[in-house]
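One structure is given here, and the rest of the page talks about it.
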């Protein structure tokens, strides 16, 4: 819904900074309308026709209440998730077992031949070290004053292609239809961004699964994006 997204962005960037002044004006307008309604007899007319008044109020509630709940409830509904970090990425290869001690016979008394040195503990012929995973991190920032975001994102990529994404001390403004994306643009959502699924919580420290085979090499930022209205909520540019 591009139109609603543009309207939401306008409200967040233009109206929200003036929210207290707008709230005071709105209260004043409601008071004035109430006085006018009493003086013009609108309230008395509504009382004389309770059936019609009830139908109008019911229609208004049926139409407006679901929309108001869908758009407004995220402002005060929060979810929290705390879970341990993921297991080491690319840990499919196991370390080689330590070499068992070897008994070396002692030389005969009086022999000048030295005894064979003991093998280095833990050394195994042919063992190769594992490639160090590439770890990139970034700090979240909100898109504007209304769409706040904080915390840290850690993207880990192993040599075998597996990857893991971790959020720590994370918090973001809740909203409808929030999703996590791996974006090729450090500034935020862009064409070609990889969707990882719904945001699991608005607060906490948790992991976001990355499907096997996902190419994360081109990822430059972690994005929290409202898919329904195409609105950016928070972004964490990744540091190499």
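The values are calculated or read from the model by the stated rules, or taken from the named source; none is laboratory data. The shown structure was predicted, so the numbers you read here are calculated from the model rather than taken from an experiment. Here Cβ is always computed from backbone atoms with ideal geometry, including for glycine, and neighbour counts include all displayed protein chains.
Can you pull out the residues in the range 218-240 that are more than 13 Å from residue 186 (Cα to Cα) and in a loop (DSSP other than H, G, I, E, B)?
Hits for the range 218-240 are 227, 228, 229, 230.
Tell me, which residue of the range 178-197 that is loosely packed, with under 15 Cβ neighbours inside 10 Å and in contact with a strand residue (DSSP E or B) (Cβ under 6 Å, 6 or more places away or on another chain) is farthest from residue 135 (Cα to Cα)?
Residue satisfying both the conditions and the ranking: 190.
Take the residues in the range 132-147 that are in a loop (DSSP other than H, G, I, E, B) and more than 12 Å from the chain's Cα centre (by Cα); name whichever of them is farthest from residue 186 (Cα to Cα).
132
Under 9 Å between Cβ atoms, which residue pairs at least 6 apart in sequence (or on different chains) link something in the range 50-74 that is under 22 Å from residue 175 (Cα atoms) with a partner that is assigned to a helix (DSSP H, G or I) and at pLDDT below 75?
These pairs meet every condition: 71/4; 71/8.
When you scan the range 163-177, how many residues do you find that are in a loop (DSSP other than H, G, I, E, B), out of contact with any helix residue (DSSP H, G or I) (no Cβ under 6 Å at 6 or more places or on another chain) and buried (at least 19 other Cβ atoms within 10 Å of the Cβ)?
Of the residues in that region, 1 qualify.
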